[in-house]
1. In Å and whole numbers, how far do the C-alpha atoms of segment 74-221 stretch along each principal axis, longest first?
2. Dipole of the chain, Cα-centred, from +1 at each Lys and Arg C-beta and -1 at each Asp and Glu C-beta, to the nearest 20 debye?
3. Going by alpha carbons, how many degrees (0 to 90, nearest 10) lie between the helix axis of 55-70 and the longest principal axis of the chain?
4. How high is the relative contact order of segment 1-150, in percent, counting Cα pairs under 8 Å that sit 6 or more residues apart?
5. Of K194/K337; K7/K100; K132/K190; K91/K190, which sit over 22 Å apart, Cα to Cα?
6. In percent, what relative contact order does the chain have, based on Cα pairs under 8 Å that are 6 or more apart in sequence?
7. Which of rounded, prolate or oblate describes segment 276-345 when judged by the alpha-carbon gyration tensor and an a/c cut-off of 1.5?
8. What percent of all Cα-Cα pairs in segment 5-97 falls in each 10 Å bin, counting up from 0?
Amino acid sequence: MNRTELKELQGMVEYPSVTILLPTHRTVPDNRQDPIRMKNLLKQAVDKLSQEFTKREYQPLVDRLDNVTASIDYAHALDGLAVLANSHFSKLYYLPFPVKERVVIDRTFATRDLVSAFNRSPQYWLIALSDKSTRLFRGVRDYLAEVAEGGFPAVFQGPGGTEPLPIDYGIDRSSYLDERHKLFFREVSKTFKKLAGPEPYPLVLAGVERHIAYYNEVANHAIPIAGTLTGNHDHTPLRELSRLAGPIIERCLTKVRSQKLSELESAVSLDKYSSGIDGCWRAAHEGRISTLLVEEDYMYPAELDRERNQLKPVSDSTLPGVMDDAVDELIETVIAKGGEVHFMGKGLLSIHNHIAAIMRY
């Protein structure tokens, strides 16, 4: 699941739309209870539907839910499941982050939990360079999934790749192959830039040293390269790639957090900053935030005075009209207006009431 998919799900409006969220387990014996818990959630969904609709009206939707949940592979589940269905759409998502167990029936899918977990999960890209098949992966936490779209995997076509090198004694075969590789990896970087779009997560390069050198020489994107995994990774299992990339991403995130805290200090000295949820909320909706910094565990249930665009804190996030977490709404606004969001460790923003912004003006 990526940000584009989340936006598409948020745009689907139809009543009833059913969302079932279940935290799952990756290993036995914990995952043996997951099918039973999903069955109980399905029963909850049917009970809720039966309170508003006749069986004839809700049965087609229940059939959709049954078909989707029957396809769940619990043995290879991750940290969460999301089952979404309405009369025209149904889909199952395996999530590399935990979600709160719940059943929601509304006009739209309950994407807030998904948005929250997605926004707060460290993400990165990994390109496995190869003169056979160069592959792209999206990493979320300790989970890695191959991206098979938008030109990936990319195959090294022509002489030196899918075809033999030309037999011509007037050609320096080594130099010729070098240039062919550079052309190929230049196209790979262009393809990656287009596919990555507005999500400039850190990038890990995996491959033999000469391929990494070629890529670094010809890459034409501004996405930061967090580090490299040297060696042939054509057949490295995903779990192993993820394990190897983990320390690289953690070092990168630590470095970025330190840099952003320094930038915040500079912004404070120039009076180009905002502290606290209220000031950041107003600045975000005015499009003034270039970078938002948030402590990882900071949440803020609130009511919104739409006329004044002001937040009022509440103690019970389940009350009607209450935002479960205004921080997530704020994050989405900042991102939609072209800003960056970075998460800090607990206590690092205590003098700013756990949230702060670097202003554009």
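1. Answer, in whole Å and largest first: 72, 30, 29 Å.
2. Details: 44 positive and 49 negative charges, 15 e Å.
Computed about the Cα centre, the dipole is about 80 debye.
3. 40
4. Value for segment 1-150: 29 percent.
5. Violating the 22 Å limit, Cα to Cα: K91/K190.
6. Values: 581 pairs, mean separation 46.2, N = 361.
Reported relative contact order: 13 percent.
7. Oblate shape, in that a/c is at least 1.5 and b/c is the bigger or equal ratio.
8. Over segment 5-97, the share of Cα pairs per 10 Å bin runs 15, 48, 30, 7 percent.
The values are calculated or read from the model by the stated rules, or taken from the named source; none is laboratory data. What you are looking at is a predicted structure, and each value in this text was computed from that prediction instead of being measured. Note: ideal-geometry Cβ built from the backbone for every residue, glycine included; neighbour counts use all protein chains shown. Note: accessible area is taken over every heavy atom of the protein model, side chains too, but ligands, DNA and RNA are not part of it. Shrake-Rupley method; radii C 1.70, N 1.55, O 1.52, S 1.80 Å.
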